[in-house]
Each structure stands twice: as C-alpha cells, then as structure tokens.
1. Counting every Cα pair in the stretch A:64-174, what percent are over 26 Å apart?
2. Let me confirm one metric for peptide A:2-12, namely the mean number of other chain beta-carbon atoms within 10 Å of its residues' beta-carbons.
3. How big is the accessible area of B:Cys98 in square angstrom, nearest 10, if you roll a 1.4 angstrom probe over the protein chains?
4. Expressed in whole Å with the largest first, what are the equivalent ellipsoid semi-axes of the protein assembly as shown derived from the C-alpha gyration tensor as the square root of 5 times each eigenvalue?
5. By what distance, in whole Å, do the Cα atoms of the stretch A:165-268 stretch along each of the three principal axes, largest value first?
6. In degrees, nearest 10, range 0 to 90: what is the angle between the Cα axis of helix A:15-25 and the longest Cα principal axis of chain A?
7. DSSP loop GluC sites (Glu not before Pro) in the stretch A:27-71 with at most 14 other Cβ atoms within 10 Å of their Cβ, which ones?
8. Of the GluC sites (Glu not before Pro) in the stretch B:20-94, which ones lie in a loop per DSSP and count no more than 14 other C-beta atoms within 10 Å?
Amino acid sequence: MQVPETFEYERASSVEEALDLLERHGEEARLIAGGHSLLPMMKIRLAFPEVLIDINDVPGLDQIRIEGDQLVIGAMVRHQQVLDSPLLYEHYPVFRDAEKVIADPLVRNRGTVGGSFCQADPAEDLSAGGAALGGSVVIRSKGGERVEPMRDFHVGPYETKVGPAEMLTEVRFPIRPGAGSAYEKVERRVGDWAVAAVGAFVQLDGDTIADVGIGLAAVGADHYIVPEAEEALRGKPATLEHLQAAAQLCHDNCAPTTDQRGPEDFKRHLAGELTLRALKRSIARARGEES
Amino acid sequence: MQVTMKVNGDEVTRDIEPRMLLVHFIRDELELTGTHWGCDTSNCGTCTVWVDGEAVKSCTTLAVMCGAREVHTVEGLAKGGELDPVQKGFMEEHGLQCGFCTPGMMMTAKWLLEKDPDPDEETIREAISGNLCRCTGYENIVRAIRWAAEHPADDTSEVTA
Ligand SMILES: Cc1cc2nc3c(=O)[nH]c(=O)nc-3n(C[C@H](O)[C@H](O)[C@H](O)COP(=O)(O)OP(=O)(O)OC[C@H]3O[C@@H](n4cnc5c(N)ncnc54)[C@H](O)[C@@H]3O)c2cc1C
Ligand code: FES
Ligand code: FES
C-alpha cells in the first residue's frame, strides 16, 4: 500500500490566504491543486511536504477568458475545461490536440493548468504547447504580482520561477489573428506520457511565415524550445523544403536520453518528424484547409 | 483531523489522518467496499468515484480534500432497489467477467452519460480510456454503456415494476 509521509493539511479560500499560509509554514509547505502529480510523488516518497495547502476552494482561478489581445487561463482550470473550451479551440487548436492525449478523462477531471506548468516535468504536454505559443505567466506573492515570460518560467526539470511563498495565478497567450496551431505526440499507449511530442503555431503573411513557435516535450530541449529552428523559418516561404530544414534543426539540437519510453535516436527521429507534422498542420489550419 | 462530507447523499464525519487517500476512507472507514483498489498508481481506474459530480481516481485524491464536498460511489447507483441503467446494461450485455474493473467502469460510464446521453462508440471508448479491464476486451463494456444510453431510467422502470 502506497501512503504519503504524514503532513498537516490546510485549506485556503483566497489567494491571499494561500500566500499567508505559505509564508507562515515556510519552505516545507506546498500548494496542492489537482494533486495528480504531487500525490503520486508523495506516495512513492519522492516528495514529503510537511504542510499541504489546498487551493481548490480559491475562487476566480478557474476561468478561461479574453483580456484585450490576450487569452487568459486561470491556474485552477482543469484539463477537461481546456479540452472543452470553444474559446481556446477558436484561437489555438493546439490546446485541444494536446489535451486529447494528456492522460485520460479521469485525470483530466482533476489535473490543473497551474499544476501542469508548476510541475515542470520535461514531458509535460501543456508546458511544451505553452512554450510554442510564448506568452507570459502571472505570479503572485504578498508583495504583489509579477509577470514572467513563458519561455523563462521553467528554470530546469521540475523547477520554475515560482518561489517558496509564491503562487501562479494565470497564464496568458497573445492572440494572433489568422495563426494556425497544432500538437503532435507519440506515446506508448493511450494515456501515457510522451515518448516525444511537439506543439507549434504558424502565422502566415500570404505564403511567407511571418511568425512561428515550436515547443518540444520529452526530448530534453531547454525551456522546451529550439530557437534555431524558429529562426530558420521566420520570414521564409512556407515550403516543404524550409519546414524540413527546421525539423532537421529540432532533430539535431534537442537532447533526448534513452529510458523506458525509448532509445535516444528514436526520440530524436520523432523530434524531427513531429516538428514537421505540427508545422504542416499549423499551416493547413492557418490557410483554413483543416479544422 | 475531523472531516465531514456527503457520501451517496448521507453526511459522514470521521477523524482521520490528512494522508488518508479517499479510496481507503471509502473502503476502510465507511466500509463501502464496492469501490475497488487496484494499481495504486493512478492508472487502472477501478477506484473511480465522483467528487462533486466529476469522475476521479480516489487513489489519487486525499479524503480531507473532499471535506464539505459530495462523493458518490457505486453503492449509490441503484435507487430504491432499482438498478441504474448502467448496471442493467452490464448485466444485459455481459459487460464483466471477474468484475474487478466494474465499479470504476460503471462510475465512469454514468459520468459520461450525464454529460452525453447518446455517445457513439468512439466517445465511449475515449471516456473509459482511464479504466483498464483485463478480462473482457472492452467490446461488451462498450455495448453495456450503449445499452444504458438506449434504456434511460424512465423507460426501464416499468419493465421491472
Ligand atoms: C496517470 C497519469 C497520467 C498523466 N499523463 C500525463 C500526460 O500524458 N501528459 C501530461 O502533460 N501530464 C500528464 N499527467 C500529469 C497531469 O497532467 C497532472 O494533472 C498535472 O501535471 C499536474 O496538475 P495538478 O493540478 O494535478 O498538480 P498538483 O499535483 O496539485 O501540483 C503539482 C505541483 O505544482 C505545484 N502547484 C500546483 N498549482 C500551483 C499554483 N497555482 N502555483 C504554484 N504552484 C502550484 C504543487 O505545489 C506541486 O509542486 C498525468 C498524470 C497521471 C496521474
Ligand atoms: S487504484 Fe486508483 S487508478 Fe488504480
Ligand atoms: S472484468 Fe475482469 S478486469 Fe474487467
């Protein structure tokens, strides 16, 4: 039987209260959202916080909305809400593509956007999708609020810019009219973490790639990105030749490792191939040829 | 610490350790052993129950996190001695063999039908993708859920009345 180490439990009913509790209990306290990354780690004693602060009752963090030219997703929005959101689908189908292949419906009913980004697992699908889109992350502390670029948020595997007495409240993505986006993932079986996965968006100006973003999961790309590949596409015609060159750069510049999900060379192959597929689908969507 | 929640409509209060998982609270504290406990690693789905109307894996939820919430287990499916259409569907279509996965399957199936009363085969297969079955090959489970969709409670009540 897997049981976590003992801990104290607190429930916060507002962001301020959560921050107060974090401050009062110090470094050994942790927030718990869906608990679907944290509890499995606590059950196998990879994590043993002394205090858990439950933020499921904190109001106002479960909204998906538009604010000016930004799409805003609250930290307590569940995977299922992301999957079902017409607003997100309208602007960025990459979210629906990714959510369809994140875990299973039961996990998606519980796991949150905030928990996904803060867990910062190198195989996290939303983090890779978020890295593709860029945007920003809003972090609250008792001193106030700060906004960090999405691509700086992940400091390394399982490490983010969120400090001990801080909390992620929302993530924001710039709306890019006419952009297409897509997510491509290979997993060993339904519901599993990625062997490799790639998210992308492409914004076209006629047949020229005006802007592009690529995010890679599970292949050891720093901050989930390979900027060289994006650079190679910006301002270029959207031809197969250019897409293949960018895919090759992702293949060459990621750093996968061999593990139970597959050998290094296979993952590298996938990084290239899935980049190509994600770009092609993004372009097809930008042109209105695919929904 | 003391925790109070509603389980199948009844208020229950227990004094438990915060680390107690919901599945153990249900099985050991409340002695509702219909909810099964399998992999313990959030994969098999046999521990599926509802928390505030959403189907979740109770081995990956703390009981204290369900304080002041509503939990539903397989024991709550039948109403007034009348089996739920989902339960009847599993009987009619032979949706189980050993029965180990069945409580979780039925709780997920019921959750699906609440959201989508007329799901097609693909939708059903997607919905139960977090529930593993070692026996049936899933064919009859899918048929059982379709049966339930085709025989909602109001239609079937008179058959057995
Ligand atoms: C069986 C299974 C399969 C899965 N498969 C996939 C998959 O294929 N792809 C994938 O991407 N994910 C997968 N996941 C992970 C799933 O998406 C988790 O739900 C998600 O990673 C974490 O969300 P959570 O709300 O459960 O976070 P929690 O477990 O509650 O928290 C995770 C971490 O984030 C911190 N945290 C949470 N919220 C905040 C906040 N607002 N501010 C600051 N810190 C916070 C917590 O303190 C903790 O350290 C899987 C999980 C399971 C159990
Ligand atoms: S026991 Fe909960 S998912 Fe297997
Ligand atoms: S009937 Fe035996 S596991 Fe499903």
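1. It works out to 12 percent of all Cα pairs.
2. 4
3. Around 100 Å² of this residue is reachable by solvent.
4. Over the Cα atoms of the protein assembly as shown, the ellipsoid semi-axes are 38, 28, 19 Å.
5. The Cα atoms of the stretch A:165-268 stretch 44, 42, 26 Å along the principal axes, largest first.
6. Compared with the principal axis, the helix lies near 60 degrees.
7. Sparse-neighbourhood loop GluC sites (Glu not before Pro): A:Glu50.
8. Here the sparse-neighbourhood loop sites are B:Glu31.
The values are calculated or read from the model by the stated rules, or taken from the named source; none is laboratory data. Keep in mind that this is a model prediction, so the values were computed, not measured. Positions of Cβ are generated from backbone atoms using ideal geometry, with glycine treated the same way; all protein chains shown enter the neighbour counts. The accessibility values were calculated without ligands, DNA or RNA, using every heavy atom of the protein model including side chains. Shrake-Rupley method; radii C 1.70, N 1.55, O 1.52, S 1.80 Å.
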